[in-house]
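The values are calculated or read from the model by the stated rules, or taken from the named source; none is laboratory data. Please read these numbers as outputs of a predicted model, since none were measured by experiment. No Cβ is skipped: glycine too gets one built from the backbone with ideal geometry, and neighbour counts run over all protein chains shown.
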Amino acid sequence: MRTTRATARARHGARAVALVALLGTWACSAPATPPPVPASPTTTGPAGSRVRLSDGTELRHLAETKAAILAFHESGEWDRQVDEIARQARDRLDAELPGVARPAIVLDVDDTALSTFAIQQRLGFGWVPDGWDEWARTAIAPPHRGVLELYRHALGKGVAVFFVTGRREHLRAATERQLRAAGYEQWVRLSMKPDDYDEPSAVPFKVARRRAIEDEGFEILLNVGDQWSDLEGGHARASFKLPNPVYWRP
């Protein structure tokens, strides 16, 4: 009997040890409960990218920047600023005209005389050469109203109008079509970059074209563009910069 009871106790102890071992194995292999997800920080303005440059500047999300550009256009603020700058240019033209034998003005084309916003938005505000060329050949580009009024005002005063654009020569027919469709029906000359122009900046080309106008005996009273590269280099009594938050051309 003592032997039987001892054997039973040994068997019971063995089962207990096995159960403890099994529970220990389950506890080690069971997935841990994940910690709670921290709440997003609350802000009173745009969330931003939370990416900071070494100078402390926080980058904006690209989508946020595109939305701001769209709002600037759709609100009418872009047009209002162009109209106001064009009005100032008309006043300056009138002030400079007296005593000038052969007055002239120089206008840039894209986002100065014409608005390219529709194709810029369609292309996601990125540079897609094939899409751009197809648009130039087939689409109507609306004028910037204030610049068109400046153009008509200049013609009415007997001022010669020259267009100097960074568009390439292979788009000449398309560009002339778009200008006329927008209301720019006459000009002395449309100067376009050669197809093989390989300078990193448009400045040398545009300066040379303005200098050539002066060499013909014209006095350039106004030079109007949306890029600083349209205006750098002189050869105009006054220069006027229009707003363009979409792209920058050196």
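List of remarks:
- Taking segment 150-174 as the range and being farther than 17 Å from residue 236 by Cα and under 25 Å from the mean Cα position of the chain (by Cα) as the test, the residues that pass are 166, 167, 168, 169, 170, 171, 172, 174.
- Residue match in segment 80-87 (condition: β-branched (Val, Ile, Thr), at pLDDT 95 or above and closer than 29 Å to residue 124 by Cβ): yes
- Residues of segment 175-209 that are more than 21 Å from residue 143 (Cβ to Cβ), more than 23 Å from the chain's Cα centre (by Cα) and among the aliphatic types (A, V, I, L, M): 207, 208.
- Checked against (1) touching a Phe, Trp or Tyr at 6+ places or on another chain (Cβ under 9 Å); (2) more than 20 Å from residue 185 (Cα to Cα), residue 95 passes all but a single condition, namely (1).
- Residue that is farthest from residue 157 (Cα to Cα), among those in segment 169-189 that are without any contact (Cβ under 8 Å) to a residue 40 or more places away in the chain, in a helix (DSSP H, G or I) and not aliphatic (A, V, I, L, M): 170
- Failed item, numbered, when residue 204 is tested on (1) within 21 Å of residue 151 (Cα to Cα); (2) not in a loop (DSSP other than H, G, I, E, B): (1)
Conditions (1) at negative phi; (2) in contact with an Asp or Glu (Cβ under 8 Å, 6 or more places away or on another chain); (3) assigned to a helix (DSSP H, G or I), marked per residue:
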{"position": "82", "(1), (2), (3)": "yes, no, yes"}
{"position": "85", "(1), (2), (3)": "yes, no, yes"}
{"position": "94", "(1), (2), (3)": "yes, no, yes"}
{"position": "99", "(1), (2), (3)": "no, no, no"}
{"position": "112", "(1), (2), (3)": "yes, yes, no"}
{"position": "118", "(1), (2), (3)": "yes, no, yes"}
{"position": "133", "(1), (2), (3)": "yes, no, yes"}
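- Selection of segment 51-69 for residues being among the aliphatic types (A, V, I, L, M) and in a helix (DSSP H, G or I) yields 62, 63, 67, 68, 69.
- Note on segment 190-223: among residues that are closer than 21 Å to residue 154 by Cα and either small (Gly, Ala, Ser) or at pLDDT below 95 (or both), the one that is surrounded by the most Cβ atoms within 10 Å (Cβ to Cβ) is 191.
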